[in-house]
Amino acid sequence: MNLDKIIGHENEKRILKSVVNTENLSHSYLFQGLDGIGKLKLAREFSKTLLCERHGDVYCNECSSCLKFDTNNHPDFNIILGEDRMIKKSEIDEIVDAVKHAPFESDKKIYIINNAHLMNKESQNGLLKTLEEPPIFLIIILITDSPNLLLPTIISRCQIINFNSIKEEEMKSFIDSNYNILDGEKEILLKLAKGSVGNLISMLEEDSILDIRTRVIDMIDKILAGDRSVIYNNESFFEENKENIGMILDIIMYWFRDLAIYKETGDMSYLINQDMEHLFRKQYLTGFEKIDKIISNVEDTRRYIRGNVNYLLSIEILLLNIGG
Ligand SMILES: [Zn+2]
């Protein structure tokens, strides 16, 4: 298994390695843990290793199985991605049907059902029969961030691998060895990623997050200085960044949290936005009471937007409160 490509998850990797080494396989696994922390990636690595013709604890990348796996052409490996929609009953029926036949090329058939909680009860019940009496060659890996939506009878059939959030130190060393990011920007990226390597990588790949941060901080600074025109001049920016609004609200929240800590301690090393001392000094006179109010306004805004209250209006009210 080439697990070096996977950041963190030392414990989870250790368990899977020992499974591969001892060939002590279960027929069904449940990988559970937060969205975006590498469960699917690890499941793929695990599957590729089990299918590799050399049967080592590291896949060879040379055999026909490895080559087919890499080009998504392996006849004994299937993934249901389950993205943004319910998993169809027909997709589960296909698995139930396919496992009646022996593998084509290897001694195993492996199925990954990503976002397994997107199976409805009927689909889960359909799958259950297969999990209860699995053919000897079958391995099913269920992946979910919401195991509470799976039937207890399904869960009880699976060996559970819990994925913990990746430690901040592991994420930091990953950034340091792969990207050229300033220290001040690193802290905020780590916070915004919320322990998810998937989030972190997509933020590092799109520079736009750091640009958005610069723009939002500039906006806050102008509003605090009494310039209300920026509130209305940024409508198109907020329209264009609807998808990023959760992150923008995080940026605002972390900003005011930092400002409060800076006022209290004067120590930049406790802050997330470590590269912005000149602005915190400038905004020093903002009162604690106001800062608290803004932070709770940010949370209100998050709720309004989730609840489909008018998007731009919700943001305008928040920005007006920052200025008020
Ligand atoms: Zn191989």
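The values are calculated or read from the model by the stated rules, or taken from the named source; none is laboratory data. Being a predicted model, the structure only gives us computed values, none of them experimental. Here the Cβ is made from the backbone with ideal geometry for all residues, glycine too, and neighbour counts use every protein chain on show.
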Kindly list the number of the only condition in (1) closer than 14 Å to His27 by Cα; (2) modelled with pLDDT under 95; (3) not hydroxyl-bearing (Ser, Thr, Tyr) that fails for Ile87. (1)
Any idea which of (1) farther than 30 Å from Ser208 by Cα; (2) surrounded by fewer than 19 Cβ atoms within 10 Å (Cβ to Cβ) is the one Ser106 doesn't satisfy? (2)
Check whether at least one residue in segment 110-120 is surrounded by fewer than 17 Cβ atoms within 10 Å (Cβ to Cβ) and more than 28 Å from Gly198 (Cβ to Cβ), and report yes or no. no
Within segment 76-117, the residues that are of a type in the set (Asp, Glu) and closer than 20 Å to Lys48 by Cβ are Asp76, Glu105, Asp107
Every residue in segment 162-186 that is within 28 Å of Phe31 (Cβ to Cβ) and among the β-branched types (Val, Ile, Thr), please. Ile166, Ile175
Can you name the residue in segment 165-189 that is touching a helix residue (DSSP H, G or I) at 6+ places or on another chain (Cβ under 7 Å) and touching a residue at least 40 places away in the same chain (Cβ under 8 Å) and, of all such residues, is surrounded by the fewest Cβ atoms within 10 Å (Cβ to Cβ)? Glu185
Right, Ile141: assigned by TED's automatic domain parsing to the domain that holds Asn115, modelled with pLDDT of 95 or more and either crowded, with 18+ Cβ neighbours inside 10 Å or under 21 Å from Asn273 (Cβ atoms) (or both) or not? yes
Condition broken by Ile294, with the remaining ones in (1) closer than 15 Å to Asp221 by Cα; (2) free of Cβ contacts under 8 Å to residues at least 40 places away in the same chain; (3) part of a helix (DSSP H, G or I) satisfied: (2)
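Answer yes or no: is there a residue in segment 274-285 that is more than 26 Å from Met203 (Cα to Cα), more than 24 Å from the chain's Cα centre (by Cα) and assigned to a helix (DSSP H, G or I).
Looking for residues that are more than 26 Å from Met203 (Cα to Cα), more than 24 Å from the chain's Cα centre (by Cα) and assigned to a helix (DSSP H, G or I), one finds at least one in segment 274-285, hence yes.
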Which count do you get for residues in segment 145-192 that are of a type in the set (Gly, Ala, Ser), farther than 30 Å from Pro134 by Cα and not in a helix (DSSP H, G or I)? 1
Under 8 Å between Cβ atoms, which residue pairs at least 6 apart in sequence (or on different chains) link something in segment 307-324 that is among the aliphatic types (A, V, I, L, M) with a partner that is loosely packed, with under 12 Cβ neighbours inside 10 Å? Leu312/Glu239
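Among the residues of segment 14-21, is there at least one that is farther than 23 Å from Ile136 by Cα and away from the ligand (no atom under 16 Å from the Cβ)?
Yes, segment 14-21 has at least one match.
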